[in-house]
Each structure stands twice: as C-alpha cells, then as structure tokens.
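Beneath this line is the structure, given in structure tokens, with notes to follow.
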Amino acid sequence: METVVSGIRPTGLLHLGNYFGALRNFIKMQEEANCFFFIADYHSLTTHPKGSELNTNIKNVLIDYLAAGLDPDKATLYVQSDVPETTELYLLLNMIAYLGELERCVSFKDKARKQPDNVNAGLLTYPVLQAADVLLHHADKVPVGKDQQQHLEMARDFAQRFNHIYETEYFKLPVAYNFGNELVKIPGLDGSLKMSKSDNESSCVYLSDPPETIRKKVMKAVSDSGPTEPNQEKPQAIENLFQLMKAVSAPETLNFFDEQYNTCQIRYGDMKKQLAADIIAFTEPIYARILELRSNPDYLSRVAQRGAEKARESASKTVREVREIIGVRSL
Ligand code: ADP
C-alpha cells in the first residue's frame, strides 16, 4: 500500500485554496493509502514566531480537517510538534542540504522580501523541515498545491543525496501529487493569482466563513466593466472568478457564463450571485460540522493524542534507522 504524507501550516483558518490544493486530495487518498496528515506548527514559527495564537490555530486546522471529511480511523492526523523525531531528522538532513540550493528556493526569496527584518535560518531551511516531514514516513506521494512543487523536488534531491552519500536505497523519492489531475492553484477574490491567508487575507474564502460572509466577500470580489469585444481575453480578476466557478460550480453553469462573456452579455453581479450560491452550497455542510466540533474539545484532544502515538511509531523507527545508516551511535 502506498504511503501519503502532507500537512498545512496553522497560520489561520483554511480557505478554498487549501481545500482544492490539498485537503480534497487528503480526503480521497485516506480511502486507499496509508496516510499521515499533520498540522505543520513548527513551519508556522518561521513567519509567526509567537506561540500565543498557535494553539488556537492548531485547533482550528484540526477542526477544519475533520469537518472537511478527514477520518481519524482511516488516516493518522497529528500535530507536527507532537512528533519530536521530526526535528532530529530535520537536523540530520540539514547536514546534506547546501546553502546555494536553499537560497535559490523561490519561496525563500519571496518570504525574505516580505519579512526583511526576520530572515531567519528556519525560513532558509523550510524545505529541509518539509523533507523531514515526508521522509519520516517514507511517503510515496505528497498531495500539495502547485506552489509547493519546488519544495517537493528538493525533498527528492535530499533523499537521493542521502542515498548516494550513505550508499543505500533507504529513502524513497516522494512525488508531488494531485488526485488524477495536474497540480492546482486557486486564485484570490482580490484579483491575485493565489488565494493565500499569508499574502492577502481579503483574497480568501474560509471553510469556516458563515454563508452571509461568503456572499458579501464574493459580491465584493474584484471585477471590471465587462468585455467590449466578443471572445476577448479575460483580465486576471475575471479569469479568477471563472477559475473559482470551475472549482465549485456545475460545468453547465461555467459554460453558461463563459458564453455570456464571449458574447459580451455577461453581468458580473449575476455571475457573482451564482458563484456565492455555489460556494455556499459546497461549504455549508462543512460549516455545520465546524460548529459541532468547536463545542467538543475533548474529542479534538483525543484525536491529536492518538494521531501523535501512531505518527511517533513510524517516525521513531525511521530516525533509529537513519542514525544507524549514518553511524550515529551511543557508546
Ligand atoms: P497559505 O498560502 O494560505 O499560507 P499554506 O502555505 O499553509 O497556505 O498551504 C497549505 C497547503 O495548501 C499547501 O499544500 C498549498 O499548496 C495549498 N494551497 C495554499 N493555497 C493554495 C491555493 N491558492 N491554491 C491551491 N493550493 C493552495
């Protein structure tokens, strides 16, 4: 059976980008693979160094995971910092990760530009920690959005380098994966290319947004005064509305508005109303479960504890074997 590993950082609530880029695949894959899905709280510290909100965020992501359909009887759901073996593998992999390749990483350059006062070593070695997460459980597949593709390639590089240096076939080379499809990127409501809580809050529709909030956000989404010529190329913000519609609406709905656009008859108010209704139809059942789970903290603790125990079994075996392969031994 294949092993699947992936995680999401608890820097806020989960949005539609997280769902369609990652979570949707987690839910499908738990049916057919040995899955480990974690909440990447160590990763959050690279951009959100204070733990004060971390606990709330961890709890919210666990709630979103469960409400969206992850099943702790099928997949191992855990909090990254509950599995300290992650940090030992991270340290050991740091010894074979080169400064040059880490500095060239697009997301590092991007983050360094966004937080010039806090270009910490954790930010630089973020892909190494991510490699530790997936190699810890010998992942075959890692369901992620398109933005994470480079990190996954680096995880493969580290795995291959480890195997080469220590003359072993120990680590499998994991692949970035989207169930039956190419990797997806969900755009923002504000005209931005990627819906992202870290870049632009106003771009996001959260799974835990009440229906009225969703309606307001979608009606306020960036658009323009409409096409003036038939079959005109769509400007980014308009393309975004169509992309979102493609994710949540029926194909006929998408075709209808596409046709309206191409014949210059489109009314964005109508399109947004339909889009809001379709997003709400999709999130409403998730939202109802979120409200239920919020009132059940004992259940959440039990899920996290059980997940940590299962994840540590697999992780401690890997770390023991890696120590052995490298030759790290006690006297
Ligand atoms: P954010 O960018 O909001 O801070 P994360 O970096 O924590 O989110 O992403 C967690 C997971 O969700 C990753 O697998 C990432 O690829 C996926 N993801 C995030 N935003 C999007 C998006 N807009 N489209 C597709 N996948 C996304």
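Across region 107-136, the number of residues qualifying as away from the ligand (no atom under 11 Å from the Cβ), within 22 Å of VAL319 (Cα to Cα) and open to solvent by 10 Å² or more (accessible area, probe 1.4 Å) comes to 3. Can you confirm whether THR76 is among the β-branched types (Val, Ile, Thr) and in contact with a Phe, Trp or Tyr (Cβ under 7 Å, 6 or more places away or on another chain)? For THR76, the condition - among the β-branched types (Val, Ile, Thr) and in contact with a Phe, Trp or Tyr (Cβ under 7 Å, 6 or more places away or on another chain) - is met.
Of all residues in region 48-64, those satisfying the criterion of being charged (D, E, K, R) and assigned to a helix (DSSP H, G or I) are GLU53, LYS59, ASP64.
Conditions tested, residue by residue: (1) over 23 Å from ARG306 (Cα atoms); (2) outside the structural domain of ALA139 (by TED's automatic domain parsing); (3) surrounded by 22 or more Cβ atoms within 10 Å (Cβ to Cβ); (4) away from the ligand (no atom under 16 Å from the Cβ).
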{"residue": "LEU14", "(1), (2), (3), (4)": "no, no, yes, no"}
{"residue": "TYR19", "(1), (2), (3), (4)": "yes, no, yes, no"}
{"residue": "ASN25", "(1), (2), (3), (4)": "no, no, yes, no"}
{"residue": "LEU45", "(1), (2), (3), (4)": "yes, no, no, no"}
{"residue": "VAL61", "(1), (2), (3), (4)": "no, no, yes, no"}
{"residue": "SER81", "(1), (2), (3), (4)": "no, no, no, no"}
{"residue": "ASN94", "(1), (2), (3), (4)": "yes, no, no, yes"}
{"residue": "TYR98", "(1), (2), (3), (4)": "yes, no, no, yes"}
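Residue count for region 177-218 satisfying the condition of being in contact with a Pro (Cβ under 7 Å, 6 or more places away or on another chain) and within 7 Å of the ligand (Cβ to nearest atom): 2.
Yes/no per residue for (1) crowded, with 19+ Cβ neighbours inside 10 Å; (2) modelled with pLDDT under 95; (3) under 25 Å from LEU66 (Cα atoms):
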| position | (1), (2), (3) |
| --- | --- |
| VAL222 | no, yes, no |
| ILE238 | yes, no, no |
| ASP258 | no, no, no |
| TYR261 | yes, no, no |
| GLY269 | no, no, no |
| THR283 | yes, no, yes |
| GLU292 | no, no, yes |
| GLN305 | no, no, yes |
| ALA308 | yes, no, yes |
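Across region 255-291, the number of residues qualifying as acidic (Asp, Glu), in contact (Cβ under 8 Å) with a residue 24 or more places away in the chain and out of contact with any Pro (no Cβ under 8 Å at 6 or more places or on another chain) comes to 1.
With respect to the stated conditions, LYS74 is at pLDDT 95 or above, open to solvent by 10 Å² or more (accessible area, probe 1.4 Å) and either more than 14 Å from the ligand (Cβ to nearest atom) or among the aromatic types (Phe, Trp, Tyr) (or both).
Looking for something within 19 Å of the chain's Cα centre (by Cα) and within 29 Å of LEU62 (Cα to Cα) - is there at least one such residue anywhere in region 113-121? No; the residues of region 113-121 include none that is within 19 Å of the chain's Cα centre (by Cα) and within 29 Å of LEU62 (Cα to Cα).
Pairs are defined by a Cβ separation below 8 Å, a sequence spacing of at least 6 or placement on different chains, a first member in region 14-31 that is within 14 Å of LEU77 (Cα to Cα), and a second member that is within 8 Å of the ligand (Cβ to nearest atom) and among the polar types (S, T, N, Q); the pairs so defined are PHE26/SER6. If you check SER249, SER301 for being open to solvent by less than 30 Å² (accessible area, probe 1.4 Å), small (Gly, Ala, Ser), without any contact (Cβ under 8 Å) to a residue 40 or more places away in the chain and under 25 Å from SER208 (Cα atoms), only one passes: SER249.
The values are calculated or read from the model by the stated rules, or taken from the named source; none is laboratory data. Just so we're clear, the structure is a prediction, and the values are computed from it rather than from any experiment. So basically every Cβ, Gly included, is an ideal-geometry build from the backbone, and we count neighbours across all protein chains shown. Heavy atoms of the whole protein, side chains included, go into the accessibility calculation; ligands, DNA and RNA do not. Shrake-Rupley method; radii C 1.70, N 1.55, O 1.52, S 1.80 Å.
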